[in-house]
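Student: Sharing a structure below in structure tokens format, with a few things to ask.
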Amino acid sequence: MKLNNLSIRAKLQALVGFAVLILVSLGTFNLIIQKESSYEQRKDRVRSNVEIAYALANHYKTLSKSIGETQAREAAAKAIEDLRYDGNNYFFIATSDENIVMHPTNPKLNGTNAGNLTDSRGNYFWQEMSQIATTQGKGFLTYYWIGNDGNESEKISFVAYIPEWDWIIGSGVQTADIDKAFQSQLIKELIVDAIAALALIIICLIISRNIVKPIEALVQRVHKVADGDLTVEMSSDRKDELGYLSNELARMMATLKETISAAKASADYSSQLSSSIAASSEETSTNIDSQSQQLEQLATAMSEMSSTIQDIAGNSERTSSTTEQSKDFAAQAVAAWVTHSRTFQAFPKISQVPTS
């Protein structure tokens with residue numbers, strides 16, 4: 001899904017959603033880190049205390065040469081039995097074959113074998129203690145125990161092995177308080193996150209209305225302009241980007257109006273010019289028709305003139321022939337007259353014949 005296809009409102013809502021998700025994730029992650037840190041602190045504390053008991057047992061072990069091993073063991077067990085830390089947390093002593101040497105809160109277990117005891121989830125935790133102690137010397141293990149309130153609780157234990165006495169000295173601490181603290185902090189964190197999310201949603205709604213509503217109004221005005229209404233007011237008194245956009249659209253509208261006015265004036269002038277050209281064209285067409293008729297008449301006249309010229313030429317030829325005949329006739333007449341004149345001269349008595 002492309003961001004370009006999402007509305008501004010949807011983008012703001014997504015931003016708030018991501019912000020809330022990140023806020024909750026960071027808060028939860030921080031709580032988990034705190035919980036892990038609390039576990040590590042609890043493990044460090046039980047280890048350091050077991051190492052104190054371990055050092056105390058080693059001290060009595062070194063005294064076994066002077067006071068005897070049995071007395072040293074008894075003194076060490078008694079000293080460790082009386083030790084407490086963090087309120088009522090205690091230490092226990094067992095052997096590698098899971099026989100309980102000393103258990104301060106449950107003396108009935110002393111001298112018994114706990115190899116078959118299991119935790120609330122069926123784990124043979126005493127056997128696991130023995131394995132860790134005899135193979136690693138020291139180490140942690142986790143098992144689950146039903147507390148006095150009837151709820152299951154995780155317990156972290158640390159054991160250390162004294163091979164000369166075949167003693168496994170250990171202690172365990174419950175982590176229910178850590179879990180409860182985590183749950184309490186988680187609830188507080190969720191409440192804070194819910195308040196922050198509500199504040200973000202309110203801020204998002206305010207910003208959304210401040211941005212989206214003016215944009216929607218601006219889009220409606222642009223639609224009116226697109227439909228041909230150039231009287232829409234685009235300017236705005238906002239000082240942000242929306243105000244800048246609105247004012248630029250208003251400036252564009254002014255330029256558009258000027259352009260349309262200039263185009264209209266040009267169109268009117270073109271219309272007048274077209275009308276004038278049409279009238280001139282009509283007059284020219286009339287003149288051309290008149291000239292065409294005159295040319296046709298001239299052509300007819302020229303054709304008639306040509307015929308007349310041809311007739312005149314024919315008449316001229318006939319006239320010329322007649323003239324020649326007349327000349328011949330005149331010559332004959334003159335010759336005849338001369339002859340007659342001579343004849344009349346020969347006969348003086350005859351009256352002169354007048355020429356006509």
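Student: Test ALA53 against the stated conditions and say whether it is more than 26 Å from ASP179 (Cα to Cα), touching a Leu at 6+ places or on another chain (Cβ under 8 Å), in a helix (DSSP H, G or I) and hydrophobic (A, V, I, L, M, F, W, C). Can you show your working first?
Tutor: Numbers: more than 26 Å from ASP179 (Cα to Cα): yes; touching a Leu at 6+ places or on another chain (Cβ under 8 Å): yes; in a helix (DSSP H, G or I): yes; hydrophobic (A, V, I, L, M, F, W, C): yes.
Against the criterion (more than 26 Å from ASP179 (Cα to Cα), touching a Leu at 6+ places or on another chain (Cβ under 8 Å), in a helix (DSSP H, G or I) and hydrophobic (A, V, I, L, M, F, W, C)), ALA53 qualifies.
Student: Also, I was wondering about something else. Would you call LEU186 under 30 Å from SER25 (Cβ atoms), under 32 Å from the mean Cα position of the chain (by Cα) and outside any strand (DSSP E or B)? Walk me through it before giving the result.
Tutor: Numbers: under 30 Å from SER25 (Cβ atoms): yes; under 32 Å from the mean Cα position of the chain (by Cα): no; outside any strand (DSSP E or B): yes.
No.
Student: A further question follows. Report, by residue number, each residue of segment 78-114 that is hydroxyl-bearing (Ser, Thr, Tyr) and assigned to a strand (DSSP E or B).
Tutor: Taking segment 78-114 as the starting set, the residues that turn out to be hydroxyl-bearing (Ser, Thr, Tyr) are 85, 90, 95-96, 105, 112.
Hit for segment 78-114 is TYR85, nothing else.
Residue by residue, here is whether (1) closer than 25 Å to TYR144 by Cβ; (2) at pLDDT below 90; (3) touching a Cys at 6+ places or on another chain (Cβ under 6 Å); (4) not β-branched (Val, Ile, Thr) holds:
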| site | (1), (2), (3), (4) |
| --- | --- |
| TYR161 | yes, no, no, yes |
| ASP179 | yes, yes, no, yes |
| LEU190 | no, yes, no, yes |
| ILE201 | no, yes, no, no |
| LEU218 | no, yes, no, yes |
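Student: If ALA114 satisfies all but one of (1) out of contact with any strand residue (DSSP E or B) (no Cβ under 9 Å at 6 or more places or on another chain); (2) closer than 27 Å to GLU74 by Cβ, what's the number of the condition it fails?
Tutor: So the condition that ALA114 fails would be (1).
Student: Does VAL101 count as surrounded by 14 or more Cβ atoms within 10 Å (Cβ to Cβ), closer than 23 Å to GLU36 by Cβ and either at pLDDT 90 or above or charged (D, E, K, R) (or both)?
Tutor: On the way: surrounded by 14 or more Cβ atoms within 10 Å (Cβ to Cβ): yes; closer than 23 Å to GLU36 by Cβ: no; either at pLDDT 90 or above or charged (D, E, K, R) (or both): yes.
No.
Student: Then there's this: Does GLN13 count as in contact with a helix residue (DSSP H, G or I) (Cβ under 7 Å, 6 or more places away or on another chain) and more than 16 Å from LYS138 (Cα to Cα)? Full working, then the answer.
Tutor: Values: in contact with a helix residue (DSSP H, G or I) (Cβ under 7 Å, 6 or more places away or on another chain): yes; more than 16 Å from LYS138 (Cα to Cα): yes.
Yes, satisfied.
Student: In addition: Of all residues in segment 4-29 being closer than 22 Å to ILE187 by Cα and without any contact (Cβ under 8 Å) to a residue 60 or more places away in the chain, which is farthest from the chain's Cα centre (by Cα)? It would help to see each step written out before you state the result.
Tutor: Here is the first cut: in segment 4-29, the ones closer than 22 Å to ILE187 by Cα are 16-29.
Okay, now just the ones that are also without any contact (Cβ under 8 Å) to a residue 60 or more places away in the chain, so 17-18, 21-22, 25-26, 29.
Details: GLY17: 17, PHE18: 16, LEU21: 20, ILE22: 20, SER25: 25, LEU26: 26, PHE29: 30 Å.
The residue in question is PHE29.
Student: If GLY228 passes every condition in (1) in a helix (DSSP H, G or I); (2) small (Gly, Ala, Ser); (3) loosely packed, with under 15 Cβ neighbours inside 10 Å but one, which one does it miss?
Tutor: Condition not satisfied by GLY228: (1).
Student: Scan ALA133, ALA75 and give me the residue that is closer than 16 Å to ILE162 by Cα, without any contact (Cβ under 8 Å) to a residue 24 or more places away in the chain and either part of a loop (DSSP other than H, G, I, E, B) or not charged (D, E, K, R) (or both). First the steps, then the outcome.
Tutor: On the way: ALA133 fails: without any contact (Cβ under 8 Å) to a residue 24 or more places away in the chain.
Unique residue meeting the criteria: ALA75.
Student: Taking GLU282 as the residue in question, decide whether it is out of contact with any Pro (no Cβ under 7 Å at 6 or more places or on another chain), without any contact (Cβ under 8 Å) to a residue 12 or more places away in the chain, loosely packed, with under 13 Cβ neighbours inside 10 Å and not aliphatic (A, V, I, L, M). Break it down into steps so the answer makes sense when it comes.
Tutor: On the way: out of contact with any Pro (no Cβ under 7 Å at 6 or more places or on another chain): yes; without any contact (Cβ under 8 Å) to a residue 12 or more places away in the chain: yes; loosely packed, with under 13 Cβ neighbours inside 10 Å: yes; not aliphatic (A, V, I, L, M): yes.
Criteria met by GLU282.
Student: Here's another thing I want to ask about it. Is it the case that VAL212 is exposed (fewer than 14 other Cβ atoms within 10 Å of the Cβ) and part of a helix (DSSP H, G or I)?
Tutor: Details: exposed (fewer than 14 other Cβ atoms within 10 Å of the Cβ): no; part of a helix (DSSP H, G or I): yes.
Considered against the rule, which asks whether it is exposed (fewer than 14 other Cβ atoms within 10 Å of the Cβ) and part of a helix (DSSP H, G or I), VAL212 comes out as no.
Student: Considering only residues that are under 16 Å from SER171 (Cα atoms), without any contact (Cβ under 8 Å) to a residue 40 or more places away in the chain and among the β-branched types (Val, Ile, Thr), which ones fall in segment 136-156?
Tutor: Answer for segment 136-156, where residues must be under 16 Å from SER171 (Cα atoms), without any contact (Cβ under 8 Å) to a residue 40 or more places away in the chain and among the β-branched types (Val, Ile, Thr): just THR142.
Student: Could we say that GLN136 is surrounded by fewer than 18 Cβ atoms within 10 Å (Cβ to Cβ), farther than 21 Å from ALA53 by Cβ and not charged (D, E, K, R) here? I'd like the intermediate steps shown before the answer.
Tutor: Working: surrounded by fewer than 18 Cβ atoms within 10 Å (Cβ to Cβ): yes; farther than 21 Å from ALA53 by Cβ: no; not charged (D, E, K, R): yes.
No; evaluated as a whole, the condition is false for this residue.
Student: Separate question: Can you name the number of the only condition in (1) farther than 22 Å from TYR143 by Cα; (2) in contact (Cβ under 8 Å) with a residue 60 or more places away in the chain that GLN34 fails?
Tutor: Only one criterion is unmet by GLN34, namely (1).
Student: Does segment 37-60 contain at least one residue that is surrounded by 16 or more Cβ atoms within 10 Å (Cβ to Cβ), free of Cβ contacts under 8 Å to residues at least 40 places away in the same chain and touching a strand residue (DSSP E or B) at 6+ places or on another chain (Cβ under 7 Å)?
Tutor: For segment 37-60, residues surrounded by 16 or more Cβ atoms within 10 Å (Cβ to Cβ), free of Cβ contacts under 8 Å to residues at least 40 places away in the same chain and touching a strand residue (DSSP E or B) at 6+ places or on another chain (Cβ under 7 Å): absent.
Student: Criterion first (touching a Gly at 6+ places or on another chain (Cβ under 8 Å) and closer than 30 Å to ILE32 by Cβ) does SER157 satisfy it?
Tutor: yes
Student: Moving on. Quick check on this structure: which one of ILE93, ILE80 is closer than 19 Å to THR142 by Cα, surrounded by 12 or more Cβ atoms within 10 Å (Cβ to Cβ), in contact with a helix residue (DSSP H, G or I) (Cβ under 7 Å, 6 or more places away or on another chain) and modelled with pLDDT of 95 or more?
Tutor: Working: ILE80 fails: closer than 19 Å to THR142 by Cα.
Result: ILE93 is the single residue among ILE93, ILE80 that is closer than 19 Å to THR142 by Cα, surrounded by 12 or more Cβ atoms within 10 Å (Cβ to Cβ), in contact with a helix residue (DSSP H, G or I) (Cβ under 7 Å, 6 or more places away or on another chain) and modelled with pLDDT of 95 or more.
The values are calculated or read from the model by the stated rules, or taken from the named source; none is laboratory data. Bear in mind that the values here come from a model prediction, so they are computed numbers and not experimental data. Every residue, glycine as well, gets a Cβ built from its backbone with ideal geometry; the counts of neighbours run over all protein chains shown.
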